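Report on one structure; see the data block that follows.
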Amino acid sequence: QFQLVESGGGLVQPGGSLRLSCVASGFTLDYYNIGWFRQAPGKEREGVSCISSLSSRTGSIYYADSVKGRFTISRGSAKNTVYLQMNGLKPEDTAVYSCAASASDYVCSDGGAGYRYEYDYWGQGTQVTVSS
């Protein structure tokens, strides 16, 4: 069974850091585009970051303007893990963060993380709360 599980969320003070993990079971993430999305109460889902598959000709990494310079997406040494390092957290970063995997080409580009329907697998999400 193919599954994505996020972890690493929690309560952190403004200016603090968290590292979210997205771990796949049943498949490896090397040849999938991986996106991190977040959704705050009453707001639309936002594509925060994405990284293209290792077979991609573009080798894209994308960050939303709201997180650029603070968040870093990376692939772990284990083939089934992708991380989202979040530094300089702000109260407006509070949301449920979910990772997703897409086998479609060009889902992740300089222009964005793509749409929900373009992703094949989704995790259940992990809550990030930034508050003093």
Requested in this report: Percent of Cα-Cα pairs per 10 Å bin, from 0 to the last occupied bin, for segment 92-131, please list those.
Outcome: 28, 42, 27, 3
Query raised in the report: segment 1-27 to segment 77-132: how many Å between their Cα centroids?
Result: 9 Å
Query raised in the report: Stretched out fully, how many nm does the piece from residue 56 to residue 7 gain, at 0.36 nm a residue minus the Cα gap?
Result: 15.0 nm
Query raised in the report: So, with a 1.4 angstrom probe, what is the percent of accessible area on the chain that is carbon and sulfur?
Result: 47 percent
Requested in this report: Using packing as a proxy for protection, rank 28-40, 51-63, 87-99 so that the peptide with the highest average count of other Cβ atoms within 10 Å comes first.
Outcome: 28-40, 87-99, 51-63
Report summary line: Dividing the surface of the Cα convex hull of segment 1-112 by four yields a projected area in nm² of 7.0 nm²
Query raised in the report: So how strong a dipole does segment 12-132 carry about its Cα centre when Lys and Arg Cβ are +1 and Asp and Glu Cβ are -1, to the nearest 20 debye?
Result: 260 debye
Query - Normalised contact order of segment 1-121, rounded percent, pairs of Cα under 8 Å and 6 or more residues apart - result: 32 percent
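The values are calculated or read from the model by the stated rules, or taken from the named source; none is laboratory data. Owing to the predicted nature of the structure, the values given are computational and were not obtained by experimental measurement. Neighbour counts run over all protein chains shown; Cβ positions are idealised from the backbone, glycine included. Side chains included, ligands, DNA and RNA excluded: accessible areas come from the protein's heavy atoms. Shrake-Rupley method; radii C 1.70, N 1.55, O 1.52, S 1.80 Å.
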